[in-house]
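So the structure is just underneath, and the comments pick up after that.
The values are calculated or read from the model by the stated rules, or taken from the named source; none is laboratory data. Since the structure is predicted, the reported quantities are computational estimates derived from the model, not experimental observations. Backbone-built Cβ (ideal geometry, glycine too); neighbour counts: all protein chains shown.
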Amino acid sequence: MSEEFESDPLATKDRRDALQKYFESIATEDAFCSSFADCKKSHNGAFYENQQPHVGDHYDLKRRGRPFRVVIVGQECGDPQANLTMEERHRIILQSGIECRFLKEPPWPGRNPHMRGTTSALRLLFGYDVGADYCQEFISISQEKTHVFDCFALVNYLMCSAVDGRTTKGRSKSTMQNSCARHFRAILRILEPTVIIVQGKYVREWISTYKSLQIPLQPPRCLIEHVQIETTEAILFSFSHPSSIRDQLGNDLNWGRNHQTKYLRDTVVPTIREGLSRLGFANTAC
């Protein structure tokens, strides 16, 4: 690809420092968050608290001279590890990018469905077509190849994972969803994204219900909205979770199985391309 991206790692460091100060500000003498006891009590099962976001080293990007900061929003981390720091989360995400492949390619393991979907979304956002070719997971920054996983932030709406203990499927109650709204809102204010992808209808509903962003409960038919985060305007895409199966009408919503699913090809691809066009960035596949 041509050199169309510029990175400001010092700005990203400042954002990480601001996030760390925020996390320190919500801590109490006994817990990382004043809502922790109530949230844990609301779930009778496995509970992993304080799982912080991933912020890539090159999160603060400019594309053709304009801010291009990408945040992908998930439901919860799901990993069975409490007190997961930003540094540890960054390492885990980068490991999935560098030490895994889209699909299993011995000796490389394959990514899980969530990260396959995330890979497809990032490929599209950064100018490639969807696919499994590893070479098109890198963009050029200062004439060096940088993996796209180091060029975005992965923020979960919930800072804790309440799961059933057998799978990573979330089992959170309204207590957690309401309590985490203020944290999610604060994280977005610090990150100031210009592009947001929401993965999953429940995440969308929580953001709307608890007013983390001023959006209606249901997305528009085109799945694209413009939202305001204080002085920053962002474009927001609302998709199913990449590991979804089917909706109530039997429509296949999965876009993390591989790079050829119907939902990916017919919904995610044209929607992201349309959104980039609205932003003035032609999505020229290489």
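Here are the numbers for this structure:
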read-out: Enumerated strands (runs of 3 or more DSSP E) restricted to the stretch 71-168, each holding at least 1 residues that are hydrophobic (A, V, I, L, M, F, W, C) and crowded, with 17+ Cβ neighbours inside 10 Å; value: 138-141, 153-156, 161-163
read-out: The lone exception for Ile187 - which of (1) part of a loop (DSSP other than H, G, I, E, B); (2) surrounded by 20 or more Cβ atoms within 10 Å (Cβ to Cβ) it fails; value: (1)
read-out: Residue within the stretch 42-50 that is exposed (fewer than 14 other Cβ atoms within 10 Å of the Cβ) and either modelled with pLDDT of 95 or more or in contact with a Pro (Cβ under 6 Å, 6 or more places away or on another chain) (or both) present; value: no
read-out: Thr232 being in contact (Cβ under 8 Å) with a residue 12 or more places away in the chain, hydroxyl-bearing (Ser, Thr, Tyr) and on the phi < 0 side of the Ramachandran plot; value: yes
read-out: All positions within the stretch 96-147 that are among the charged types (D, E, K, R), more than 20 Å from Leu276 (Cβ to Cβ) and in contact (Cβ under 8 Å) with a residue 40 or more places away in the chain; value: Arg116
read-out: All positions within the stretch 10-41 that are buried (at least 18 other Cβ atoms within 10 Å of the Cβ) and not hydrophobic (A, V, I, L, M, F, W, C); value: Thr12, Arg15, Arg16, Ser35
read-out: Residues being in a helix (DSSP H, G or I) and polar (S, T, N, Q) - total across the stretch 21-36; value: 1
read-out: Enumeration of residues in the stretch 258-280 that are in contact (Cβ under 8 Å) with a residue 40 or more places away in the chain and of a type in the set (D, E, K, R); value: Arg265, Arg273, Glu274, Arg278
read-out: Residue check, Glu6 over 23 Å from Arg89 (Cα atoms) and surrounded by 13 or more Cβ atoms within 10 Å (Cβ to Cβ); value: yes
read-out: Gly45 vs. criteria touching a residue at least 24 places away in the same chain (Cβ under 8 Å) and among the small types (Gly, Ala, Ser); value: yes
read-out: Single residue of the stretch 257-286 satisfying the filter (aliphatic (A, V, I, L, M) and in a loop (DSSP other than H, G, I, E, B)) that is surrounded by the most Cβ atoms within 10 Å (Cβ to Cβ); value: Ala285
read-out: Residue count for the stretch 52-67, restricted to those that are buried (at least 20 other Cβ atoms within 10 Å of the Cβ) and touching a helix residue (DSSP H, G or I) at 6+ places or on another chain (Cβ under 7 Å); value: 8
read-out: Test for Ile235: is it closer than 24 Å to Gln51 by Cα and either modelled with pLDDT of 95 or more or of a type in the set (Gly, Ala, Ser) (or both); value: no
read-out: Top-ranked residue of the stretch 203-256 - restricted to ones that are part of a strand (DSSP E or B) and acidic (Asp, Glu), ranked as surrounded by the fewest Cβ atoms within 10 Å (Cβ to Cβ); value: Glu233
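Every residue, every condition in (1) within 21 Å of Ser172 (Cα to Cα); (2) in contact with a His (Cβ under 7 Å, 6 or more places away or on another chain); (3) in contact (Cβ under 8 Å) with a residue 40 or more places away in the chain, yes or no:
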{"residue": "Leu191", "(1), (2), (3)": "no, no, yes"}
{"residue": "Val195", "(1), (2), (3)": "no, no, yes"}
{"residue": "Ser238", "(1), (2), (3)": "yes, no, yes"}
{"residue": "Gly256", "(1), (2), (3)": "no, yes, yes"}
{"residue": "Ala282", "(1), (2), (3)": "no, no, no"}
